[in-house]
Amino acid sequence: MDEHKYKRKDPWEPGMYETGRTRPPKSHGGLIAVLLVVVIFLCGLVSALGVVNVKLFAQLNELSKPREDDLSFINEELDSTAPTAQEPAPTAETAPLQQISAGESFVLNPSPESVPNVMQEGGLPLQQIYDKVIPSVVSISATGNSGSSTGTGVILSTEGYIVTNCHVVDGARQITVLLTDDRSFTAKLIGADDVSDLAVLRIQATDIIPAEFGDSSVLRVGDSVAAIGDPLGEALRGTLTNGIVSAINRDVTTGGRTLTLIQTNAALNSGNSGGPLINCYGQVIGINTLKIGAFTDSAGVEGLGFAIPSTTVKEIVEQLINQGYVSGRPTLGITGEALSGFYQYYYRMPAGIYITALEENSDAAAKGIEPGDILISIEGIRVTDMDSLKAALLNYEIGHCVNVIIYRGGRQYSVSLTLHESTN
């Protein structure tokens, strides 16, 4: 047998090729040692710089501390030049300008005594504004089929009329009013107008104090204002916040309608709705209605609150008290609710308004529309809830004929309906 036939060859012999390296491995011990030395050197350098930095910071801190001879406080015992009772203290206009040279100290001039927090010249302090208005502010709780809501209201008259926002009492079956003296009353809804977002309630109460309303048309940007309300509910009722008028006649679009409002940076939150916006004389010049931005708003919007001007409040409230509605609001005479996604999918129905009731004298009732029908669109505009329907109707006048699409029994029907004045 050939002994060399099965003899294992040295893989490093010339002419021998195998998978992997073709040269013997080199030792890296020297390179690793050098790297360790470099790392140890850098760590030592960083530590030394840290010690130097701490010492420099301590020295700067000592230099920044005021010494007793750096400031001169003027009083009768220490400075004979201080003004006496017979010699009035210099004001900001008459006090001489202080000239400070190197190595000299500067003088702190006497300041006027603390004064009440007057919002602007001729106005009342915030404390007096609060005391004047708070008896006229009420807390409102509304309960309906879809849940409950809370808000604020303002007493209008000794007869028990109260103004608040329409969205506070919308859909409510029971409304409770809590006065600042803790008396509670069940309120009757006199009238509501969702276009202006105002509603009027009435309670059977005596010894109530109505608020004094002012003229919002004379407001100027920069005027001081305050707000009172129940932010986040009755637990924080009677909260006072203050700010300025940030803008006037600001057009804000919400729920498909455009409102002309007063903009303010006074803090408003959920629960302030329906509360008063007050000028520096303790007069209500607006009814707070909405704000822009929320806690979860990624934009971090703050200080954008809005109130309905008192001139608008007067016009709407008078009509609601006298006739229960606001003249000139067109309607189809249809009441309904949004069709849920479950019903759309399960019963294969289109998105729209599920009609629950109709006014007897409406053209819709005369044309054969019934509860259970689904209103899909008006003049080609899709409507999915009552807000979108009301917004669409604002484009038309009373007596105008509009084409609507109704879904019934798997088929769609086109119906021409005449708009009439809403008295609801």
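The values are calculated or read from the model by the stated rules, or taken from the named source; none is laboratory data. It should be emphasised that the depicted structure is a prediction, and the values quoted were computed from it without experimental measurement. Counting neighbours? That spans all protein chains shown, and the Cβs are built from the backbone with ideal geometry, glycine included. Accessible surface is based on the protein model in full, side chains and every heavy atom, while ligands, DNA and RNA are left aside. Shrake-Rupley method; radii C 1.70, N 1.55, O 1.52, S 1.80 Å.
On the basis of being part of a strand (DSSP E or B) and within 23 Å of residue 317 (Cβ to Cβ), does residue 278 make the cut? Criteria met by residue 278.
Within region 245-261, does at least one residue satisfy the condition of being buried (at least 21 other Cβ atoms within 10 Å of the Cβ) and small (Gly, Ala, Ser)? Checked against the condition, which is being buried (at least 21 other Cβ atoms within 10 Å of the Cβ) and small (Gly, Ala, Ser), region 245-261 yields no hits at all.
Of the residues 228, 209, which single one is over 27 Å from residue 328 (Cβ atoms), modelled with pLDDT of 95 or more, touching a helix residue (DSSP H, G or I) at 6+ places or on another chain (Cβ under 8 Å) and part of a loop (DSSP other than H, G, I, E, B)? Of 228, 209, the one residue that is over 27 Å from residue 328 (Cβ atoms), modelled with pLDDT of 95 or more, touching a helix residue (DSSP H, G or I) at 6+ places or on another chain (Cβ under 8 Å) and part of a loop (DSSP other than H, G, I, E, B) is 209. The condition of being hydrophobic (A, V, I, L, M, F, W, C), open to solvent by less than 50 Å² (accessible area, probe 1.4 Å) and closer than 27 Å to residue 196 by Cα holds for residue 378. Checked against the criterion of being closer than 19 Å to residue 369 by Cβ, open to solvent by 30 Å² or more (accessible area, probe 1.4 Å) and either modelled with pLDDT of 95 or more or touching a Ser or Thr at 6+ places or on another chain (Cβ under 7 Å) (or both), region 302-323 has no qualifying residue.
Got at least one residue in region 398-421 being part of a loop (DSSP other than H, G, I, E, B), farther than 26 Å from residue 325 by Cα, out of contact with any Pro (no Cβ under 6 Å at 6 or more places or on another chain) and open to solvent by 30 Å² or more (accessible area, probe 1.4 Å)? Checked region 398-421: at least one residue is part of a loop (DSSP other than H, G, I, E, B), farther than 26 Å from residue 325 by Cα, out of contact with any Pro (no Cβ under 6 Å at 6 or more places or on another chain) and open to solvent by 30 Å² or more (accessible area, probe 1.4 Å). Of all residues in region 364-385, those being of a type in the set (D, E, K, R) and more than 34 Å from the chain's Cα centre (by Cα) number 4. Each residue in region 161-178 was checked for being crowded, with 21+ Cβ neighbours inside 10 Å, among the aliphatic types (A, V, I, L, M) and in contact (Cβ under 8 Å) with a residue 40 or more places away in the chain, and 3 pass. Which of the residues spanning region 376-397 are closer than 15 Å to residue 330 by Cβ and in a strand (DSSP E or B)? Of everything in region 376-397, those that are closer than 15 Å to residue 330 by Cβ and in a strand (DSSP E or B) turn out to be 378, 381. Only residues that are of a type in the set (Gly, Ala, Ser) and open to solvent by 10 Å² or more (accessible area, probe 1.4 Å) were counted across region 279-293, and they come to 1.
One residue alone among 190, 134 is open to solvent by less than 80 Å² (accessible area, probe 1.4 Å) and assigned to a helix (DSSP H, G or I), and that residue is 134. Considering only residues in region 335-375 that are part of a loop (DSSP other than H, G, I, E, B) and of a type in the set (Ser, Thr, Tyr), the one that is least open to solvent (accessible area, probe 1.4 Å) turns out to be 362.
Annotation: residue 355 fulfils all but one of (1) within 30 Å of residue 201 (Cβ to Cβ); (2) modelled with pLDDT under 95; (3) of a type in the set (Val, Ile, Thr); the unmet one is (2).
In the set (1) closer than 19 Å to residue 136 by Cβ; (2) surrounded by fewer than 22 Cβ atoms within 10 Å (Cβ to Cβ), the condition left unmet by residue 276 is number (2). Restricting region 220-239 to residues that are within 16 Å of residue 153 (Cα to Cα), hydrophobic (A, V, I, L, M, F, W, C) and over 16 Å from the mean Cα position of the chain (by Cα), the residue that is surrounded by the fewest Cβ atoms within 10 Å (Cβ to Cβ) is 235. When each of 258, 289 is tested for being without any contact (Cβ under 8 Å) to a residue 60 or more places away in the chain, part of a strand (DSSP E or B) and β-branched (Val, Ile, Thr), the lone residue that passes is 258. Residues in region 193-219 that are closer than 23 Å to residue 140 by Cα and of a type in the set (Ser, Thr, Tyr) were compared, and the one that is least open to solvent (accessible area, probe 1.4 Å) is 196.
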